[in-house]
Amino acid sequence: MTRLVMLGKQGAGKGTQCALLVKHYGIPHISTGEMLRATVSEGTELGLQAKAIMDVGELVSDDLILGIVRERLAQPDAQLGFLLDGFPRTDAQAQGLMAMLAPSGIDVAIDIEVPDNVATERMLARGRADDTPEAIQRRLELYQAETEPLLEFFSSQGVLVSVDGLGTERDVQDRVIDAIERNR
Ligand code: AMP
């Protein structure tokens with residue numbers, strides 16, 4: 001059983017590290033951003049509403065996100081573990097997640113640390129449609145205001161590990177797996 005949460009600001013290299021981790025542990029990658037982008041591509045009313053929010057770097061509502069995650073975690077492939085990516089991002093999401101998983105909780109929350117200037121460069125390099133300078137700035141602000149306080153929450157649960165996100169993908173991957181194995 002491996003229940004992981006990937007934290008870290010956008011541009012920290014979460015996507016890359018998650019892709020490597022799910023192979024290593026054989027668990028599903030549950031990315032709320034990916035699930036939202038799939039909804040947007042369906043062109044439904046809900047998708048259009050989500051797109052407007054995502055394009056400017058704001059957060060979609062906690063209720064919507066918690067609903068999506070609850071449904072996903074109920075699928076058979078998530079019963080033996082999972083890697084949550086880009087979730088939780090707010091205190092309400094963290095509380096909602098803990099309520100869903102009670103009494104077991106998660107095994108490890110990984111914080112990949114990079115300075116803002118490196119995160120911004122990496123976001124501009126990947127060139128996603130919502131990676132405009134304004135949206136990047138807003139997402140970094142929201143990360144600091146809404147998501148960074150969750151580090152304290154996971155730390156108080158005794159499940160937080162912080163990993164230096166600078167260096168090659170392989171360097172960071174080795175550090176992440178090492179940190180997980182030492183803390184699970
Ligand atoms: P990401 O792929 O994680 O960078 O997410 C892309 C966008 O989807 C974010 O900028 C938000 O607008 C939205 N989003 C993804 N995950 C969440 C979440 N957990 N809570 C609120 N909004 C989210």
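The values are calculated or read from the model by the stated rules, or taken from the named source; none is laboratory data. Remember, predicted model here, so these are calculated numbers, not experimental data. Quick reminder, even Gly has a Cβ in these numbers, built from the backbone with ideal geometry, and neighbours come from all protein chains shown. Heavy atoms of the whole protein, side chains included, go into the accessibility calculation; ligands, DNA and RNA do not. Shrake-Rupley method; radii C 1.70, N 1.55, O 1.52, S 1.80 Å.
As a fraction of the 1.4 Å probe accessible area of the chain, surface on carbon and sulfur atoms comes out at 52 percent.
Taking 24 Å as the straight-line reach from the Cα of Lys51, the lysines in range (excluding those fewer than 8 positions away in the same chain) are Lys9, Lys14. So what is the relative contact order of the range 1-96, in percent, for Cα pairs below 8 Å that sit 6 or more residues apart? Here the relative contact order equals 47 percent. In this structure the amide hydrogen of Gly11, modeled in the peptide plane, comes within under 5 Å of no amide hydrogen from residues 5 or more places off or on another chain.
Is there a quick way to get the dipole size of the chain? I mean about its Cα centre, with the Cβ of Lys and Arg at +1 and of Asp and Glu at -1; what is the value in debye to the nearest 20?
On the way: 18 positive and 29 negative charges, 93 e Å.
About 440 debye.
The phi torsions of the range 82-89, fed into the Karplus equation with coefficients 6.51, -1.76 and 1.60 and a -60° offset, translate into couplings of 5, 10, 8, 10, x, 8, x, 10 Hz, rounded to whole numbers, with Gly and Pro shown as x.
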